[in-house]
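Take a look at the structure set out below.
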Amino acid sequence: MSKVNEQAIKHYFHIVSYYCNKIVEYFNSKYDANINDVQSLIHFQTMNRIWRFVIEDTEILFHGTGCSAYKNREEICGWDFSGNGYWSGIVDVYKVTLTLKHISEYGEVEVEDIRELSDRLVHNGILVKTGVTTYRVKTEHECDFCCRIEIS
């Protein structure tokens, strides 16, 4: 039996939301960017060619479909952006595992645990399998799992 339940996926999405909101605050304060959704963040970042920057003690690196966060040169969180105004509705078993391993209650989680959980959530109608190691939250469940932008 898996060591994790659907709360682990929700926890992952909240961590992603935390970093995304930090990115938005950084761009809005430093560049007066007026970012208010995922699309405006990606547009601003692409147009200004800002691929790497540091917020507090965390280095943020944009990649083709999302971002990674690093502390002391170690990747601590990785995610892919989603549509529909959510930061992430994508479950990549490797990125989720990497991120959750940095949280004490999930420190022993393995890729196979997240894959098993994701397959269970597909069976329960919450996720859709989109690739060998990737899943997407079904649209009707996004508000239960995923986090929207929180502009203050």
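The values are calculated or read from the model by the stated rules, or taken from the named source; none is laboratory data. Please read all numbers here as calculations on a predicted model, not as lab measurements. Every residue, glycine as well, gets a Cβ built from its backbone with ideal geometry; the counts of neighbours run over all protein chains shown. Calculation scope for accessible area: heavy atoms of the full protein, side chains included, ligands and nucleic acids excluded. Shrake-Rupley method; radii C 1.70, N 1.55, O 1.52, S 1.80 Å.
Please find, within segment 4-36, the residue that is surrounded by the most Cβ atoms within 10 Å (Cβ to Cβ) out of those that are more than 17 Å from the chain's Cα centre (by Cα) and in a helix (DSSP H, G or I).
Restricting to residues being more than 17 Å from the chain's Cα centre (by Cα) and in a helix (DSSP H, G or I), the top hit is F27.
Tell me, yes or no, whether segment 59-82 has at least one residue that is small (G, A, S) and in contact with a Lys or Arg (Cβ under 6 Å, 6 or more places away or on another chain).
yes
Can you pull out the residues in segment 112-135 that are surrounded by fewer than 20 Cβ atoms within 10 Å (Cβ to Cβ), of a type outside the set (A, V, I, L, M) and outside any loop (DSSP other than H, G, I, E, B)?
Listed by number, the residues that qualify are E112, R115, E116, D119, R120, H123, K129, T134.
Can you name the condition, by its number, that V109 falls short on among (1) assigned to a loop (DSSP other than H, G, I, E, B); (2) at pLDDT 90 or above; (3) surrounded by fewer than 17 Cβ atoms within 10 Å (Cβ to Cβ)?
The number of the failed condition is (3).
Can you spot a residue in segment 82-100 that is among the aromatic types (F, W, Y) and touching a Leu at 6+ places or on another chain (Cβ under 7 Å)?
No, there is no match, as no residue in segment 82-100 is among the aromatic types (F, W, Y) and touching a Leu at 6+ places or on another chain (Cβ under 7 Å).
Considering only residues that are open to solvent by less than 40 Å² (accessible area, probe 1.4 Å), among the polar types (S, T, N, Q) and not in a strand (DSSP E or B), which ones fall in segment 49-102?
S82, S88, T97, T99
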